[in-house]
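Written out below as structure tokens is the structure these notes cover.
The values are calculated or read from the model by the stated rules, or taken from the named source; none is laboratory data. In this text the structure is predicted, and so the values were computed from the model without any measurement. Please note: Cβ atoms are built from the backbone with ideal geometry, for glycine as well, and neighbour counts cover all protein chains shown. Protein only, heavy atoms only, side chains kept; ligands, DNA and RNA dropped before computing areas. Shrake-Rupley method; radii C 1.70, N 1.55, O 1.52, S 1.80 Å.
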Amino acid sequence: MKNNIDTDTEIIECSLCDKNILDKESNNAEPVNDGRCCYDCNLEIVIPTRLSEILWASLKYISTIKKNLR
């Protein structure tokens, strides 16, 4: 839900913790959800999730290469 305070500043809710944040200071919450998130949720939830997905994809890729080498 967006509330206009003035023409330059919009306040939105973090899509993960529901804290009010400035839209211009929000972060992309993907792959956790399609919304915007606060700084804390970005550091504690979103970035670790992204890194986990990268690591998992890398491990799957390595496993595929090893199978093809046999």
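Evaluation of Asp6 against the conditions (1) acidic (Asp, Glu); (2) surrounded by 11 or more Cβ atoms within 10 Å (Cβ to Cβ); (3) at pLDDT below 95 shows that the sole unmet condition is (2). Is it the case, given these coordinates, that Asp18 is modelled with pLDDT of 95 or more, open to solvent by 70 Å² or more (accessible area, probe 1.4 Å), among the acidic types (Asp, Glu) and at positive phi? Here the answer is yes, as Asp18 does meet what is asked. Evaluation of Glu30 against the conditions (1) open to solvent by 50 Å² or more (accessible area, probe 1.4 Å); (2) in a helix (DSSP H, G or I) shows that the sole unmet condition is (2). Looking at Leu43, Leu51, just one residue is of a type in the set (A, V, I, L, M), outside any strand (DSSP E or B) and open to solvent by 100 Å² or more (accessible area, probe 1.4 Å), and that residue is Leu51. Would you say Asn28 is of a type in the set (S, T, N, Q) and at pLDDT below 95? For Asn28, the condition - of a type in the set (S, T, N, Q) and at pLDDT below 95 - is not met.
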